[in-house]
1. Residue check: is L239 in a strand (DSSP E or B) and under 21 Å from the mean Cα position of the chain (by Cα)?
2. Residue under question is R486, and the condition is that it be under 26 Å from F397 (Cβ atoms), surrounded by fewer than 20 Cβ atoms within 10 Å (Cβ to Cβ) and without any contact (Cβ under 8 Å) to a residue 24 or more places away in the chain; does it hold?
3. Test G93 against the stated conditions and say whether it is in contact with a Leu (Cβ under 7 Å, 6 or more places away or on another chain) and either modelled with pLDDT under 50 or open to solvent by less than 20 Å² (accessible area, probe 1.4 Å) (or both).
4. Look at I374 and say whether it is in contact (Cβ under 8 Å) with a residue 12 or more places away in the chain, touching a Phe, Trp or Tyr at 6+ places or on another chain (Cβ under 6 Å) and not charged (D, E, K, R).
5. So H275 passes all but one of these: (1) assigned to a strand (DSSP E or B); (2) touching a residue at least 12 places away in the same chain (Cβ under 8 Å); (3) open to solvent by 20 Å² or more (accessible area, probe 1.4 Å). Which condition number does it fail?
6. Tell me whether region 124-142 contains one or more residues that are touching a residue at least 24 places away in the same chain (Cβ under 8 Å), crowded, with 18+ Cβ neighbours inside 10 Å and of a type in the set (D, E, K, R).
7. Residue under question is S177, and the condition is that it be in contact with a Leu (Cβ under 7 Å, 6 or more places away or on another chain) and farther than 27 Å from W253 by Cβ; does it hold?
8. May I ask you to list the residues in region 167-199 that are of a type outside the set (G, A, S), at pLDDT 95 or above, surrounded by fewer than 18 Cβ atoms within 10 Å (Cβ to Cβ) and farther than 24 Å from G327 by Cα?
Amino acid sequence: MQSSDGWLDEAAILSIRRANMGIRKVLAAAAAIGAMTVGYFTCQPQALQANDDTPPRQQTTDAVLPASERYRERHRPQYHFTPEHGDLADPNGLVFHDGEYHLFHQQNGRWAHAVSLDLLHWKHLPIALEHDNLGQALSGSVVVDRDDSSGFFDGGSGLVAIYTSTAGGEQQSIAYSRDNGRHWVRHEGNPVIRNEGRRDFRDPKVFWHEGSGRWIMAVSTDQSVTLYGSPDLKQWQWLSRFGDGQGLHAAVWECPDLFPLAVDGDPGNIKWVLHVSVGDNRETRGSTAQYFVGEFDGTTFTNDNPPQTVLVTDHGQDFYAAQSWFGIPAADGRRIWIAWMSNWRYPYQTPTHPWHGAMTLPRQLSLKTVDGSIRLVQQPVDEVAALRGTEVTVAPFTVEGSHEVSEFQGTTYEFELEMSWQDVRELGIRVRGSESMTQQTAIGVDVPSQKIFVDRTHAGLKEVPDRSGGSFAFGSRRSADYPVERKRVKLHGFVDESSLEVFVNDGEQVFSNLIFTHPDNRSIELYADGGRARVESLRFRPLRRVWGGSMRAAAAEGAIMG
């Protein structure tokens, strides 16, 4: 089933593809298998104390670490995607084809490339798009040209990448692959859309629109999104522009995405989501992201909400350039995306080596009516369940002041917490704590101010250089409005070596934050200040690391269980 390089051959990929169609049926079994190896997880005690200030070991200066140390460096995420070395930025060209999920990403104006069978275990491949005579290959998308509308595939099918080239200003160009993304050929007629004096004209997202029978491109144009249509991916016609006077205009709009979703799971009620990231600015203390919900008729996007409405995608500090996968099979039915877990205020300034940057967990999207309004809901993909170890459940209890969790500690794990209250000022959970809890990251509800928050003020790292050479207050608190009249909150958190993602009330709100703390800070506590709170339910699950050759085993295991 494996090729000479240890990768799965086509027969195995097809088998795994069939297994993945039934992923929801096997997650419980996968979790059970994971339980048998609980001793491997990082929740086990370590020799160093949590408040030990021992400096990190000296890092090798080579671009690539020895195999024994790879993916075990200080602050290296253990179940989030990161590059082996070098910089990571915007996800590009997300596509599912022939049983593989492709993840391209920006790396110094090139398209780095990785593939996965399950969205979690990744194999790095050579750079897909290098610089050429038209300059850099900035962000863009990949589609499967099944009917050879482009004429690149001699009547067959293949992959077409649509990206921004830079010579002569930002322009849109294309390339194609006949071998599932391993090699790419630039189109001789590039650029396919020329720059006509625009300052910001980049990040094309392309998809097939069945209703109009053509390809649609959404491309960033300063603080707006311009739509184009094409029958063949080579000849493009201007259709419309959206954005003037709509939403947040604190900085340039980038990395658009446009897709349909059912409202409350009703296939008869479809709305379209237009998503954009908003560049570095003072108003939001860095970059951020927003979305619009409305209608798309194949030519024009119309916002359903008042123009001044700003819908924030992720309330954390570190979420940018989210893109969804093209080509997810109809039998699966999910809309899945991933984002760059960083911020344009400090894109490559965090204290990691030999890499910079990580992706969020892949997330499945839906639209849900919340308090009378349609909102975007994000939840971790179902496949994450296959990483789970033995679950630790804490019995319900009442907390007043602080309560240390003695049943579990860790640095790479998942938790689910539900709390209720009647009269309290603030309540929540603190994670990645030192023994004295002088270092920790708090997730909680501030009842008087009606806010929910993630506070990394005391996580460890206080400041980082910003990209302009100044200093940025990295240790900070991020918050969002919360309906405290519910007197209840549900938190689903994912803690990794240098990140924290929190899904509030089944993904109605999300916080994504980098945190840099001592590697042995693993304590957890619940707290309630100014009153009492009830811990209705609390459970923890250690999560296995995804690096070190486990991808093939996990994929084969999935095929067997399927």
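1. Values: in a strand (DSSP E or B): yes; under 21 Å from the mean Cα position of the chain (by Cα): no.
Answer is no for this residue.
2. On the way: under 26 Å from F397 (Cβ atoms): yes; surrounded by fewer than 20 Cβ atoms within 10 Å (Cβ to Cβ): yes; without any contact (Cβ under 8 Å) to a residue 24 or more places away in the chain: yes.
Yes, satisfied.
3. Numbers: in contact with a Leu (Cβ under 7 Å, 6 or more places away or on another chain): no; either modelled with pLDDT under 50 or open to solvent by less than 20 Å² (accessible area, probe 1.4 Å) (or both): yes.
No: the conditions fail for G93.
4. Details: in contact (Cβ under 8 Å) with a residue 12 or more places away in the chain: yes; touching a Phe, Trp or Tyr at 6+ places or on another chain (Cβ under 6 Å): no; not charged (D, E, K, R): yes.
No: the conditions fail for I374.
5. So H275 meets the others, but not (3).
6. No, every residue in region 124-142 fails to be touching a residue at least 24 places away in the same chain (Cβ under 8 Å), crowded, with 18+ Cβ neighbours inside 10 Å and of a type in the set (D, E, K, R).
7. Values: in contact with a Leu (Cβ under 7 Å, 6 or more places away or on another chain): yes; farther than 27 Å from W253 by Cβ: yes.
So S177 passes the test.
8. Result: E188, R194.
The values are calculated or read from the model by the stated rules, or taken from the named source; none is laboratory data. Because the structure is predicted, anything quoted here is derived from the model rather than measured. All Cβ positions, glycine included, derive from the backbone under ideal geometry; neighbour counts span all protein chains shown. Keep in mind that these areas ignore ligands, DNA and RNA; they rest on the heavy atoms of the full protein, side chains included. Shrake-Rupley method; radii C 1.70, N 1.55, O 1.52, S 1.80 Å.
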